[in-house]
Amino acid sequence: MNFDVVIVGGGLVGASLALALRETGLRIALVDAQAVRPDTDAWDSRVYAISPGSRAFLASCGAWAGLDVARLAAIEEMHIFGAEDGPELDFSAYDAGLPELAVIAESGRLQSALWRALADEPAVTVIAPVKCASLRLTPEEAVLELGDGKTLCASLVVGADGGESWVRAQAQIGVDLHVYHQRAVVANFSGDIPHRGVAYQWFRGDGVLALLPLPGARASMVWSCANPWAARLTEMSAAELAHCVTEATGGVMGELEVITPAAAFPLRLQRVERLVAPRVALVGDAAHLVHPLAGQGVNLGFRDARVLAEVLAQRGLETDCGDYALLRRYERARREDIAVMQWATDGLQKVFSSPYRGLAQLGNLALRIANSQQQLKNLLVQHAVG
């Protein structure tokens, strides 16, 4: 089975990359260990803040139109609060000249929309569910052996297979890993006060707490906190959790009621030695992990997919899409964006989680200064929405 590009990992980023490449004339295969899961009516605890840039990219892939608009919620304003009831930093789509800052979408429904678009796309061969067995890289091609005995030959293999990337390990690309000893606890709630399209974030002594708007008087919580407190939150009864989050959020949505039980995910900062190797490129979590306090992890991944698709589509007379010099264009185009987001999120996490009160006060001062400078706020928004 011969292809130009084989994408390993059919998650949000891998699936979007396959769709973005569908009109390039390249032979595309998407390999995933799981079969597609259908939508359910239940609310998904894991949601993403999709930036306008990512939304446009997903629309160009043919996936955004497959989402139920009744399950989407726009963020029109964001209020960020410093440590110890510190200053407030406000962002407004209206002030930035935008229709919205982001749109909240459920992870499972995004995944289903992408896979439905793939099912209708003859230019992409989906091979799932199947695991990868071995990857052999030669100067001429990449040879991927699957667990079912099939062998795929390609000019380029893309690792879109998550933070524990198998492709990255096979390509011997090194990783610098920092464990935060924190977990992101997620759950959905209904309230008795409308959110009016406002997202909230609090830098607290016990972590970073965010409340993101869902359709109706509903909200999704992300509480990034130390492992012991995360364990306590996931062990609470629904009534205890609702009361705890109502108190922690100052009742901005009134009395909360749990819609989905709490779940927790470990948090890490992960930098890769390089984004490409001969016949290999990394995208999404395989290429970077960031702290979720800015809600930009999946948007970074979509920007990876968008840029790699553009590089391959604009390769000109280069017939080998796994050529190392070509792949280096992708790496150079993505390095700064990734580094800035990792530096910013890691810096904020360290400042506001430090046991030294002076650092938190310094962070509060930075929020106060930023909030007084509309041009600076607009620059931050423009970077985040791309």
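Nothing in this text is a laboratory measurement; each read-out follows from the coordinates by a stated rule. None of these values were measured; they are calculated from a predicted model. Because the Cβ atoms are built from the backbone with ideal geometry, glycine has one as well, and the counts that use them run over all protein chains shown.
Taking the Cα centre of the stretch 27-85 as origin and charging only Cβ (+1 Lys, Arg; -1 Asp, Glu), how large is the dipole, in debye to the nearest 20?
Values: 5 positive and 9 negative charges, 104 e Å.
It comes to approximately 500 debye.
Multiply the residue gap between Gln373 and Asp85 by 0.36 nm, knock off their C-alpha separation, and tell me the result in nm, one decimal place.
Working: separation 288, 0.36 × 288 = 103.68 nm, distance 2.07 nm.
Between Gln373 and Asp85, full extension yields 101.6 nm more.
I need the phi-derived Karplus couplings for the stretch 212-217: 6.51 cos²θ - 1.76 cosθ + 1.60, θ = phi - 60°, integer Hz, Gly and Pro marked x.
With coefficients 6.51, -1.76 and 1.60, one gets 10, x, 10, x, x, 8 Hz.
Enumerate the amide H contacts of Arg204 below 5 Å, restricted to partners 5 or more residues apart or on another chain; note that Pro and chain-start residues carry no placed amide H.
Leu209
Under the classification rounded if a/c is under 1.5, otherwise prolate if a/b is larger than b/c and oblate if not, where does the stretch 9-69 fall, given a ≥ b ≥ c as square roots of the Cα gyration tensor eigenvalues?
Numbers: a/c = 2.13, a/b = 1.29, b/c = 1.65.
It is oblate, given that a/c is not under 1.5 and a/b is not larger than b/c.
May I ask you to sort Val6, Val69, Val307, Val290 by Cβ crowding, counting other Cβ atoms within 10 Å and putting the fewest first?
Numbers: Val6 27, Val69 10, Val307 19, Val290 24.
If I rank by nearby Cβ atoms, fewest first, I get Val69, Val307, Val290, Val6.
What ranking of Thr345, Thr234 emerges when the number of other C-beta atoms within 10 Å of each C-beta is taken as an exposure proxy, fewest first? Please list the in-between numbers first.
Details: Thr345 20, Thr234 16.
In order of increasing Cβ crowding within 10 Å: Thr234, Thr345.
Which whole-number percentage describes the relative contact order of the stretch 1-139, with Cα contacts under 8 Å and a sequence gap of 6 or more?
In percent, rounded to a whole number, it is 35.
Between Arg335 and Leu177, what is 0.36 nm times their sequence separation minus the Cα-Cα distance? Round to one decimal in nm.
On the way: separation 158, 0.36 × 158 = 56.88 nm, distance 1.71 nm.
Extending this stretch completely gives an extra 55.2 nm.
Please go through the stretch 311-357 and write out the chymotrypsin sites (Phe, Trp or Tyr not before Pro) that DSSP classes as loop and that have at most 15 other C-beta atoms within 10 Å.
Numbers: sites: Tyr324, Tyr330, Trp343, Phe352, Tyr356; in loops: Tyr356.
Hits after loop and neighbour filter: Tyr356.
How would you classify the stretch 269-367 from its alpha-carbon gyration tensor, with a ≥ b ≥ c the square roots of the eigenvalues: rounded for a/c under 1.5, else prolate if a/b is greater than b/c, otherwise oblate? Walk me through the intermediate numbers first.
Details: a/c = 3.56, a/b = 3.06, b/c = 1.16.
Prolate.
Using a cut-off of 23 Å between alpha-carbon atoms, which lysines can reach Lys131, once sequence neighbours fewer than 8 places away in the same chain are excluded?
Those lysines meeting the cut-off are Lys150.
Let me know the shape class of the stretch 346-386, please: from the alpha-carbon gyration tensor, a ≥ b ≥ c as square roots of the eigenvalues, rounded when a/c is under 1.5, otherwise prolate if a/b is greater than b/c, or oblate. Before the final figure, lay out the partial values.
Details: a/c = 5.71, a/b = 1.78, b/c = 3.22.
It comes out oblate by the Cα gyration axes.
Taking Lys350 as the anchor, which aspartates and glutamates have their alpha carbon closer than 15 Å to its alpha carbon, excluding any fewer than eight residues away along the same chain?
Asp206
What distance in nm lies between label points placed 7 Å from Cα along the C-beta direction at Arg46 and Asp320?
Here the modelled spin labels are 3.7 nm apart.
In percent, what relative contact order does the chain have, based on Cα pairs under 8 Å that are 6 or more apart in sequence? Don't skip to the answer; put the middle values down first.
On the way: 820 pairs, mean separation 82.9, N = 386.
Computed value for the chain: 21 percent relative contact order.
Highest GNM mean-square fluctuation, the chain, Cα pairs closer than 10 Å: which of Pro194, Pro213, Pro122?
Pro122
Go ahead and estimate [θ] at 222 nm for the chain from helices alone: -39,500 (n - 2.57) per DSSP H run with n ≥ 4, summed, over the residue count, rounded to 500.
After summing the helix terms and dividing by residue count, I get -10500 deg cm²/dmol.
Would you mind ranking Trp223, Trp229 by Cβ crowding within 10 Å, fewest neighbours first?
Starting with the residue having the fewest Cβ neighbours, the order is Trp229, Trp223.
Where both partners of a DSSP beta bridge lie in the chain, what percent of those bridges are antiparallel, to the nearest 5? Please report the intermediate quantities before stating the final value.
Numbers: 58 of 80 bridges.
Around 70 percent antiparallel, to the nearest 5.
When the chain is fully extended, how far beyond the present Cα-Cα distance does Val143 get from Ala56, taking 0.36 nm per residue of separation? Show your work: numbers first, answer last.
Details: separation 87, 0.36 × 87 = 31.32 nm, distance 3.39 nm.
Extending this stretch completely gives an extra 27.9 nm.
FRET efficiency for Ala70 and Glu235, Cβ-Cβ distance as r, R0 = 35 Å, nearest 0.05? Kindly include the intermediate steps, with their values, before the conclusion.
Details: r = 33 Å, r/R0 = 0.94.
That gives a FRET efficiency of 0.60.
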